[in-house]
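Here is the structure we will look at.
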Amino acid sequence: MRRRDFITLLGGAAVAWPIAARAQQPALPVVGFLSPTAPDSDPDRLRGFRQGLKDAGYVEGENVSIVYRWADNQPDRLAPLAADLVRRHVAVIAAAGVPSSQAAKAATRTIPVVFAVGDDPVRHGLVATFARPGGNVTGINYLSAELGAKRLGLLRELVPGAARVGLIAGSGGGADVSANTYVQESQTAAGMLGLQMQVLRADTSDEIDAAFATFGRERPDILAVGGGPFYSSRRIQLVQLGAYHRLPAMYASRDFAEVGGLMSYGSNTTDAFRQAGAYAGRILKGTKPVELPVMQTSRFELIINHRTARMLGLSLPPTLIATADEVIE
């Protein structure tokens with residue numbers, strides 16, 4: 001063999017070795033993330049989910065890949081998005097909210113599904129029981145819809161002379177199936193507190209504007225604002241309208257108070273999604289969903305925005321300040 005041919009052979013082998021090495025590397029496991037909202041609507045929940053995966057030993061882009069599917073607040077898109085994840089043969093589907101979880105469960109009986117939901121997963125048919133979920137579905141239940149009574153009690157403590165309360169929530173369909181639970185809990189609590197309640201339903205930005213225009217005319221003493229994926233994505237609009245109409249308002253989670261809402265009371269959803277990420281990581285390591293009982297959050301936080309209280313001319317009772325987990329100055 002001539003020297004030139006030998007060098008050419010070595011060069012070709014040098015190129016082939018990395019290609020062969022890359023071909024032998026195993027593909028990264030893929031997690032599907034299904035959400036009813038838009039990518040920028042709730043970065044804290046996504047951050048929590050990634051942290052949970054990291055706690056389990058998985059870092060996006062290094063040893064796990066995440067495929068995101070966003071419905072952009074269009075619930076009818078969830079079923080085809082879930083079906084797409086199934087066609088991609090992802091290792092596990094992480095579903096945010098009840099409708100996403102129902103869509104994922106309907107799409108597959110074999111791919112594990114880990115949910116993070118703010119309402120009872122048994123009532124919505126996601127699992128058989130908390131202790132024994134059964135099938136391919138399990139996850140995290142962070143209480144939200146059932147906290148209507150507690151939120152009204154805290155509002156009444158802030159405004160003890162309140163006699164009339166307004167409540168705005170979704171219609172209970174689409175992506176906000178938990179709204180009816182929240183309204184029913186709140187109505188029962190209002191009756192026990194001797195409050196007259198006016199309920200307005202809103203499922204779009206225009207309907208939210210119209211509801212606040214009505215409350216601006218009717219002037220309830222206090223206002224309760226529902227939660228759910230759509231309301232979270234519209235939190236700046238909801239908070240700004242509450243401030244414009246000078247309504248003392250209670251919101252469902254801390255992200256509302258962080259953008260100027262007066263008060264929020266609810267579970268730490270970032271931590272709930274962290275737990276969901278940890279569950280997804282355990283499943284990637286071989287644990288079956290049936291071996292993972294549904295976890296229910298037991299930590300709730302009261303966040304008060306003192307700047308907003310001053311703007312509304314409200315004095316915070318010392319007992320309420322002492323109860324708060326955080327007072328935003």
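The values are calculated or read from the model by the stated rules, or taken from the named source; none is laboratory data. In this text, all values refer to a predicted model and were calculated from it rather than measured experimentally. Note that we place each Cβ from the backbone using ideal geometry, even for glycine, and neighbour counts take in every protein chain shown.
General remarks:
- Cross-chain or 6+ apart pairs with Cβ under 7 Å, the stretch 278-299 first and surrounded by fewer than 16 Cβ atoms within 10 Å (Cβ to Cβ), then of a type in the set (Phe, Trp, Tyr) and assigned to a loop (DSSP other than H, G, I, E, B): 293/130; 296/130
- Candidates are the residues of the stretch 117-150 that are in a loop (DSSP other than H, G, I, E, B) and of a type in the set (A, V, I, L, M, F, W, C); the one that is nearest to the chain's Cα centre (by Cα) is 143.
- Matching residues, the stretch 37-56, being of a type in the set (S, T, N, Q) and either not in a helix (DSSP H, G or I) or not assigned by TED's automatic domain parsing to the domain that holds residue 283 (or both): 37, 41
- Here residue 126 clears all of (1) touching a Ser or Thr at 6+ places or on another chain (Cβ under 6 Å); (2) under 30 Å from residue 316 (Cβ atoms) except the condition numbered (2).
- Scanning the stretch 300-329 for residues that are β-branched (Val, Ile, Thr), surrounded by 14 or more Cβ atoms within 10 Å (Cβ to Cβ) and over 23 Å from the mean Cα position of the chain (by Cα) gives a single hit, 308.
- Of the strands (runs of 3 or more DSSP E) that lie entirely inside the stretch 255-329, those containing 2 or more residues that are farther than 30 Å from residue 113 by Cα span 300-305, 326-328.
- Checked against the criterion of being within 20 Å of residue 43 (Cα to Cα) and of a type in the set (Lys, Arg), the candidates 282, 299, 310, 274 yield just one match: 274.
- Residue 4 being in the same structural domain as residue 278 (by TED's automatic domain parsing) and either at pLDDT 65 or above or assigned to a helix (DSSP H, G or I) (or both): no
- In the stretch 264-273, of all residues being surrounded by 24 or more Cβ atoms within 10 Å (Cβ to Cβ) and not small (Gly, Ala, Ser), the one that is farthest from residue 154 (Cα to Cα) corresponds to 273.
- Flag for residue 157 being assigned to a helix (DSSP H, G or I) and within 20 Å of residue 98 (Cβ to Cβ): no
- Every condition in (1) farther than 24 Å from residue 93 by Cα; (2) in contact with a strand residue (DSSP E or B) (Cβ under 6 Å, 6 or more places away or on another chain) is met by residue 275 except one, and the failing one is (1).
- Count of residues meeting criterion [closer than 20 Å to residue 233 by Cα and modelled with pLDDT under 95] in the stretch 182-200: 2
- When 114, 31 are screened for being over 28 Å from residue 252 (Cα atoms), not small (Gly, Ala, Ser) and not in a loop (DSSP other than H, G, I, E, B), only 31 passes.
- Residue ID - farthest from the chain's Cα centre (by Cα), chosen from residues in the stretch 213-238 that are assigned to a helix (DSSP H, G or I) and under 20 Å from residue 156 (Cα atoms): 218
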